[in-house]
1. Could you quote the convex hull projected area for chain B, Cα atoms only and averaged over all directions, in nm²?
2. If you rank B:S35, B:S115 by fewest surrounding Cβ atoms within 10 Å, what's the result?
3. Helix hunt in chain B: which complete DSSP H runs extend at least 18 Å axially by C-alpha with mean Kyte-Doolittle at least -0.5?
4. Using all Cα-Cα distances in segment B:177-318, what percent lands in each 10 angstrom bin from 0 up to the longest?
5. Using Stokes-Einstein with the Kirkwood hydrodynamic radius over Cα pairs, what translational diffusion coefficient do you get for segment B:23-176 at 20 °C and a viscosity of 1.002 mPa s, in µm²/s rounded to a whole number?
6. State the extension gain, in nm to one decimal, for the chain segment bounded by B:F297 and B:V141, taking 0.36 nm per residue of separation less the distance between their alpha-carbons.
7. If you rank B:E101, B:E306, B:E19, A:E8 by fewest surrounding Cβ atoms within 10 Å, what's the result?
8. Taking the alpha-carbon centroid of each part, what is the distance from segment B:125-201 to segment B:216-253 in angstrom?
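Nothing in this text is a laboratory measurement; each read-out follows from the coordinates by a stated rule. The structure displayed is predicted, hence computed values, not measured ones. Backbone-built Cβ (ideal geometry, glycine too); neighbour counts: all protein chains shown.
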Amino acid sequence: MSLRKSHELHQRRFSRNLGVGLTLAAFIVIIFGLTIVKVSGTDFSLATQEVQN
Amino acid sequence: MSDASINASTVTAKSHADEAGFGDYFALLKPRVMSLVVFTALVGLLAAPVPVHPFVGFCAILFIAIGGGASGALNMWWDADIDKVMKRTKGRPIPSGKVEEGEALALGLALSGLSVIMLGLATNWFAGAFLAFTIFFYVVVYTMWLKRSTPQNIVIGGAAGAFPPVIGWVAATGSMSIEPWLMFALTFMWTPPHFWALALFMRSDYDDAGVPMLTVTHGRRATRWHILVYTVLLALLAVGTAFSGIGGPVYLVVAVVLNALFLWGAWQISRRTEDDAEADNFKVERSFFKLSLLYLFLHFGAILAEALLKPFGLGGWS
């Protein structure tokens, strides 16, 4: 038996809390991904032109 | 007073069944409208002559969609009073009592700021500013000002829904040209016949809410003629777009077929009397409305097809 019994409110709001948690996690992934793309310094249009040439 | 007692009193004040879940907050963003925004913005982004990094492109579409969703939440906040009256909208999160008006306002403002800043950072500030203007136009110009004051509300409000392909294009190129405005014009001219057909068979809704829809202010006969006139102008524009930089043979075939069907539907609507419409429960108006959904989707789909064929030397007229 756990020391802190989960309040009924937490169970009821589980979907809301899970949704907010996943949204925040997705936001972090997006910021991280954008940072990597931006700092990698690869100009995508130039890279594409090079491939085409 | 402890947090527990505050929570307890809140819980008793509001029935548990009425408590909002994550889906109710998501519904504030008008997901169905958002799907149109996503699709048209994606076409604008991919039809642009400048390639975009796939992840940046994904983020651009995501933030344009969030901006569109934010304006939907702000629209629901402002229109909560009339949403309660209309059959079509009374199940929305605010009129159904699941979400407070203030929550919708806060969510709308927060997501507006977030989407504009993130789009600006991910692509360019011209695109960010354009998204900010679109949100302002939809919320302030359309929702707060025009919707309840003029029967041309749908015409002018349609501009807000027509901006996403322009934002997508600007996100890719950082500049402007005629092609994104042709996509804008296509959605802008499509909106009035699409909504007026809906208003013809959902008539009591707008009457009850006191929204000055054309059917109420100028009558149903005038609305039928308006649908025909707008459809003729739309057909000229839609077929003419085939000969621009975003058009091509695939688009031309799609445009000719769809516009012939759309014109035929509008012509039938203009010829019908109210007795005819009542007799078959607005069959022609309903099928015209369904066709209008397919009409926009396939036109933008054809623009996308032309853009995707270009790397293989097939898209466009060259």
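1. 18.3
2. Going from sparsest to densest Cβ surroundings: B:S35, B:S115.
3. For chain B, where a helix must reach 18 Å along its axis and average at least -0.5, the hits are B:31-47, B:54-78, B:101-122, B:178-201, B:220-240, B:249-271, B:283-309.
4. Taking every Cα pair in segment B:177-318, the percentages come to 12, 39, 28, 15, 6, 1.
5. It diffuses with D of about 138 µm²/s by this estimate.
6. Values: separation 156, 0.36 × 156 = 56.16 nm, distance 2.63 nm.
That pair, B:F297 and B:V141, stretches by 53.5 nm at full extension.
7. The most exposed by this proxy come first: A:E8, B:E101, B:E19, B:E306.
8. Value for the Cα centre distance between the two parts: 16 Å.
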